[in-house]
Structures are given as structure tokens and as C-alpha cells.
Amino acid sequence: MSDLSIELHWQRKTPVFATGTYSNSHIVQMNRLHEIDVDSAPDWGGDPAHTNPEQALASALSSCHMMTFLALAAKAGWPVASYHDYAEAHLGKNPKGQMSVTRIDLHPVVRFDTGFAVADEKLAEMQDRAHRYCFIANTLADSVEINIR
């Protein structure tokens, strides 16, 4: 199996390291080529111009779900022309009373080549299969409710 990695870099920018005196802003590198500015979610004092871990989690789930859906659709001979998703990560308290991402909502919209149509129930079945086979969804299965609409 594959081992996949990132590199994370954080550097203190204040003379003192104490509660309320430092920034959580940091850089995550993918494949040593792509850098992403990351910070806390804005509700936790982070820079809204930066990605936060909760958005990155929603992005990972959305991307994995889409790639799984595309693989299944190709196998079924469905000519997918475009795929768009709007994903939302919801923060709240889990059953242990800890702050966590409690739900991620995916809102995929699939468009097919002109002249091709699939019944709504067949599309819903394929979305369900994509969810069941998605690596990230399987990783989160016991801790996060995932709603595909």
C-alpha cells in the first residue's frame, strides 16, 4: 500500500510563547511543490484568507468522493461532462463532549454529455456507492456524519 506524506512548517513570530501571544498560521507543503497557507478557523482567531484544517478535511472528503464517483461512472459507461461540489464541515461537540467536525455535507452536481440521462434513483445509488468506496469516507465513517444531497 501507499504511504503518503506532507510537510508542515510553523515558526514562532513573537518573542514570548504563551497563550494568546502566538499565531497558529503555518504552511503545509504537498510533494514539496505546492504550499498551502493554513491557520485556525476564523471562529478560533484564524486568518479567514487561509485554509483551515476543517476545510482541508472537507476538501479531502469531497475530492475522494468525486474521484470514486468518476471511477464508478466510467466503469458504468456514464459520460460525465462535469462534476461540481460544495462541501461544508460543521463544528460541534461529539458524543464525548469534545469539539470536532461532527458532520460534512457534500452537494455534488453531475452533468453528463448531451443526450445522456440517468434516473435520479440511479444517480443516488451511484453517489451512495461512491461514498461506500471512498477511502476518506471510510476513514471517517465512525466519527463523522456525511450527508450527500
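Do the conditions hold for ALA130, that is, is it over 14 Å from the mean Cα position of the chain (by Cα) and either outside any strand (DSSP E or B) or loosely packed, with under 15 Cβ neighbours inside 10 Å (or both)? Yes.
Limited to region 13-27, what total is found for residues that are closer than 13 Å to TRP44 by Cα, surrounded by 11 or more Cβ atoms within 10 Å (Cβ to Cβ) and not hydroxyl-bearing (Ser, Thr, Tyr)? Residues meeting the conditions: 1. Of the residues screened, ALA81 is one that is aliphatic (A, V, I, L, M), surrounded by fewer than 18 Cβ atoms within 10 Å (Cβ to Cβ) and in contact with a Lys or Arg (Cβ under 7 Å, 6 or more places away or on another chain). Does ASP39 satisfy being surrounded by 15 or more Cβ atoms within 10 Å (Cβ to Cβ), in contact with a strand residue (DSSP E or B) (Cβ under 9 Å, 6 or more places away or on another chain) and either farther than 25 Å from ALA137 by Cβ or not assigned by TED's automatic domain parsing to the domain that holds ALA137 (or both)? Spelling it out, ASP39 is indeed surrounded by 15 or more Cβ atoms within 10 Å (Cβ to Cβ), in contact with a strand residue (DSSP E or B) (Cβ under 9 Å, 6 or more places away or on another chain) and either farther than 25 Å from ALA137 by Cβ or not assigned by TED's automatic domain parsing to the domain that holds ALA137 (or both). Taking into account only those residues within region 43-73 that are touching a residue at least 12 places away in the same chain (Cβ under 8 Å) and part of a loop (DSSP other than H, G, I, E, B), which is surrounded by the fewest Cβ atoms within 10 Å (Cβ to Cβ)? For region 43-73, the residue satisfying everything is ALA49. Looking across region 97-111 at every residue that is among the β-branched types (Val, Ile, Thr) and modelled with pLDDT of 90 or more, the one that is surrounded by the most Cβ atoms within 10 Å (Cβ to Cβ) is identified as ILE104.
The values are calculated or read from the model by the stated rules, or taken from the named source; none is laboratory data. Nothing here was measured: the structure is a model prediction, and the numbers come from that model. No Cβ is skipped: glycine too gets one built from the backbone with ideal geometry, and neighbour counts run over all protein chains shown.
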